[in-house]
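Step one of this worksheet: look at the structure below.
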Amino acid sequence: MPEDIKEACPTETALDVIGGKWKGMILYYLCSETRRFNELMRLIPGITQRMLTKQLRDLEANGIVHREVYPQVPPKVEYSLTEIGRTLEPVVRALETWGKAYLRPL
(Lines give C-alpha, C1' and ligand atoms only; values in the text may rest on other atoms or scores of the structure.)
Protein backbone atom coordinates (compact mmCIF):
# COMPACT_ATOMS: atom_id res chain seq x y z
CA MET A 1 0.00 0.00 0.00
CA PRO A 2 1.41 3.43 -0.88
CA GLU A 3 2.64 5.44 2.11
CA ASP A 4 0.48 8.48 1.25
CA ILE A 5 -2.67 6.35 1.56
CA LYS A 6 -1.52 4.87 4.88
CA GLU A 7 -0.84 8.34 6.26
CA ALA A 8 -4.18 9.66 5.01
CA CYS A 9 -6.23 6.82 6.51
CA PRO A 10 -5.00 5.03 9.63
CA THR A 11 -8.04 2.75 9.43
CA GLU A 12 -6.75 1.44 6.11
CA THR A 13 -3.39 0.73 7.74
CA ALA A 14 -5.10 -1.24 10.51
CA LEU A 15 -7.15 -3.24 8.02
CA ASP A 16 -4.02 -3.89 5.96
CA VAL A 17 -2.34 -5.43 9.03
CA ILE A 18 -5.25 -7.44 10.47
CA GLY A 19 -7.69 -7.71 7.57
CA GLY A 20 -8.46 -10.70 5.43
CA LYS A 21 -10.48 -13.87 5.66
CA TRP A 22 -8.43 -15.65 8.33
CA LYS A 23 -6.53 -13.12 10.45
CA GLY A 24 -9.59 -12.16 12.49
CA MET A 25 -10.19 -15.76 13.51
CA ILE A 26 -6.52 -16.28 14.32
CA LEU A 27 -6.52 -13.18 16.51
CA TYR A 28 -9.79 -14.23 18.14
CA TYR A 29 -8.33 -17.56 19.26
CA LEU A 30 -5.01 -16.07 20.34
CA CYS A 31 -6.77 -13.47 22.52
CA SER A 32 -7.79 -16.15 24.99
CA GLU A 33 -4.52 -18.10 25.20
CA THR A 34 -1.29 -19.22 23.58
CA ARG A 35 -1.99 -21.82 20.90
CA ARG A 36 -0.04 -24.43 18.97
CA PHE A 37 -0.20 -24.62 15.18
CA ASN A 38 -2.29 -27.81 15.02
CA GLU A 39 -4.68 -26.43 17.61
CA LEU A 40 -5.29 -23.39 15.40
CA MET A 41 -5.81 -25.73 12.42
CA ARG A 42 -8.53 -27.57 14.36
CA LEU A 43 -10.19 -24.37 15.59
CA ILE A 44 -10.39 -22.68 12.19
CA PRO A 45 -12.51 -24.75 9.82
CA GLY A 46 -11.62 -24.49 6.16
CA ILE A 47 -8.14 -23.01 6.50
CA THR A 48 -5.31 -24.89 4.83
CA GLN A 49 -1.96 -25.53 6.47
CA ARG A 50 -0.29 -23.34 3.85
CA MET A 51 -2.69 -20.43 4.44
CA LEU A 52 -2.41 -20.65 8.23
CA THR A 53 1.37 -20.58 7.92
CA LYS A 54 1.19 -17.54 5.63
CA GLN A 55 -1.22 -15.64 7.84
CA LEU A 56 0.78 -16.36 11.00
CA ARG A 57 3.97 -15.22 9.24
CA ASP A 58 2.27 -12.00 8.12
CA LEU A 59 1.05 -11.31 11.66
CA GLU A 60 4.50 -12.12 13.04
CA ALA A 61 6.20 -9.84 10.48
CA ASN A 62 3.87 -7.02 11.54
CA GLY A 63 4.71 -7.53 15.23
CA ILE A 64 1.24 -8.77 16.20
CA VAL A 65 2.06 -12.43 16.89
CA HIS A 66 5.02 -14.02 18.65
CA ARG A 67 6.27 -17.43 17.51
CA GLU A 68 8.07 -19.51 20.14
CA VAL A 69 10.00 -22.56 18.96
CA TYR A 70 11.02 -25.11 21.58
CA PRO A 71 14.13 -27.20 20.81
CA GLN A 72 12.71 -30.68 21.21
CA VAL A 73 11.68 -33.66 19.11
CA PRO A 74 9.10 -33.49 17.74
CA PRO A 75 9.34 -29.69 17.35
CA LYS A 76 6.95 -27.66 19.46
CA VAL A 77 5.86 -24.23 18.24
CA GLU A 78 3.49 -21.91 20.08
CA TYR A 79 1.88 -18.68 18.98
CA SER A 80 0.79 -15.83 21.22
CA LEU A 81 -0.02 -12.15 20.91
CA THR A 82 2.78 -9.64 21.39
CA GLU A 83 2.35 -6.57 23.56
CA ILE A 84 1.08 -4.57 20.57
CA GLY A 85 -1.05 -7.56 19.56
CA ARG A 86 -2.71 -7.52 23.01
CA THR A 87 -3.89 -3.97 22.30
CA LEU A 88 -6.13 -5.51 19.61
CA GLU A 89 -8.09 -7.54 22.18
CA PRO A 90 -10.76 -4.86 22.77
CA VAL A 91 -11.07 -4.42 19.01
CA VAL A 92 -11.52 -8.17 18.46
CA ARG A 93 -14.07 -8.37 21.31
CA ALA A 94 -15.96 -5.35 19.91
CA LEU A 95 -16.09 -7.05 16.49
CA GLU A 96 -17.37 -10.22 18.18
CA THR A 97 -20.15 -8.25 19.89
CA TRP A 98 -21.02 -6.43 16.67
CA GLY A 99 -21.08 -9.71 14.72
CA LYS A 100 -23.44 -11.34 17.22
CA ALA A 101 -25.78 -8.33 17.07
CA TYR A 102 -25.66 -8.29 13.28
CA LEU A 103 -26.56 -11.98 13.08
CA ARG A 104 -29.60 -11.56 15.35
CA PRO A 105 -32.85 -11.56 13.39
CA LEU A 106 -34.32 -8.09 12.99
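The values are calculated or read from the model by the stated rules, or taken from the named source; none is laboratory data. Computed from a prediction, not measured in an experiment: that's the story for all the values here. In this analysis, Cβ positions are derived from the backbone assuming ideal geometry, glycine residues included, and neighbour counts consider all displayed protein chains.
At a glance:
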read-out: Candidates 77, 92 - the one that is surrounded by 15 or more Cβ atoms within 10 Å (Cβ to Cβ) and touching a Phe, Trp or Tyr at 6+ places or on another chain (Cβ under 8 Å); value: 92
read-out: So residue 89, is it under 11 Å from the mean Cα position of the chain (by Cα) and touching a residue at least 24 places away in the same chain (Cβ under 8 Å); value: yes
read-out: Filter result for residue 65 (free of Cβ contacts under 8 Å to residues at least 40 places away in the same chain and within 10 Å of the chain's Cα centre (by Cα)); value: yes
read-out: Yes/no for residue 28 being assigned to a helix (DSSP H, G or I), among the hydroxyl-bearing types (Ser, Thr, Tyr) and in contact with a helix residue (DSSP H, G or I) (Cβ under 9 Å, 6 or more places away or on another chain); value: yes
read-out: Tally of residues being assigned to a helix (DSSP H, G or I) and of a type outside the set (Ser, Thr, Tyr) across the stretch 31-48; value: 8
read-out: Tally, over the stretch 61-101, of residues that are assigned to a helix (DSSP H, G or I) and either in contact with a strand residue (DSSP E or B) (Cβ under 8 Å, 6 or more places away or on another chain) or aromatic (Phe, Trp, Tyr) (or both); value: 3
read-out: One residue from 61, 8, 14 being among the aliphatic types (A, V, I, L, M), loosely packed, with under 14 Cβ neighbours inside 10 Å and at pLDDT 95 or above; value: 61
read-out: Test: residue 83 is of a type in the set (D, E, K, R), under 18 Å from residue 18 (Cβ atoms) and without any contact (Cβ under 8 Å) to a residue 60 or more places away in the chain; value: yes
